[in-house]
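First up is the structure itself, then whatever we jot down about it.
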């Protein structure tokens, strides 16, 4: 599992890619929130509130996976870069907390016309944190080179035994 999260089996570290996808989802949630606040597209913006809730929850799940990969990556980073890896790990966990609190607050106000300022600003802070985190992760892990893994034998081949009496 560690090799999958680090990207050894993939050939690249998925850490920064996951962070950039989370940025896209966070940006989409911010745009939907702004559409709800300015009543763009309809008179009743309840649909926008529900759409933003789902985008924030999806971002929360993706940032959770990103935070797990950041924790796994920290154990395999060079000693010279451990400080940056610790900042990367903290930023991923901080983004997870911000989007989690935003998702909980949003779930309490799904019937409103627009989100209240608290979950909106928490999502903006999470987005800014993810932007900084993705840039740091891209610089830390994009040039990583691993030794080539040897192919593991799945089943050993044993000659079949003959039945007794033949």
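The values are calculated or read from the model by the stated rules, or taken from the named source; none is laboratory data. Fair warning: this is a prediction, and the values are worked out from it, not measured in the lab. So basically every Cβ, Gly included, is an ideal-geometry build from the backbone, and we count neighbours across all protein chains shown.
Restricting attention to the stretch 74-98, and to residues there that are closer than 30 Å to residue 117 by Cβ and free of Cβ contacts under 8 Å to residues at least 24 places away in the same chain, which single residue is surrounded by the fewest Cβ atoms within 10 Å (Cβ to Cβ)? Show your work before the answer.
Applying the first criterion (closer than 30 Å to residue 117 by Cβ) to the stretch 74-98 yields 87-98.
Among the residues that remain, those that are also free of Cβ contacts under 8 Å to residues at least 24 places away in the same chain are: 89-90, 97.
Working: 89: 20, 90: 14, 97: 16.
This residue is 90.
Checking residue 56 against (1) more than 17 Å from residue 121 (Cα to Cα); (2) part of a helix (DSSP H, G or I), which test does it fail?
Among (1) more than 17 Å from residue 121 (Cα to Cα); (2) part of a helix (DSSP H, G or I), the lone unmet condition for residue 56 is (1).
Pull up the stretch 45-56, narrow it to residues that are surrounded by fewer than 19 Cβ atoms within 10 Å (Cβ to Cβ) and touching a residue at least 12 places away in the same chain (Cβ under 8 Å), then point me to the one that is farthest from the chain's Cα centre (by Cα).
Per the criteria, the residue is 46.
Conditions (1) part of a loop (DSSP other than H, G, I, E, B); (2) out of contact with any strand residue (DSSP E or B) (no Cβ under 6 Å at 6 or more places or on another chain); (3) modelled with pLDDT under 85, marked per residue:
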residue: 4; (1), (2), (3): no, yes, yes
residue: 13; (1), (2), (3): yes, yes, yes
residue: 17; (1), (2), (3): no, yes, yes
residue: 25; (1), (2), (3): no, yes, no
residue: 28; (1), (2), (3): no, yes, no
residue: 33; (1), (2), (3): no, yes, no
residue: 39; (1), (2), (3): yes, yes, yes
residue: 43; (1), (2), (3): yes, yes, yes
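Can you name the number of the only condition in (1) surrounded by 14 or more Cβ atoms within 10 Å (Cβ to Cβ); (2) without any contact (Cβ under 8 Å) to a residue 60 or more places away in the chain; (3) closer than 18 Å to residue 31 by Cβ that residue 116 fails?
Residue 116 satisfies every listed condition except (1).
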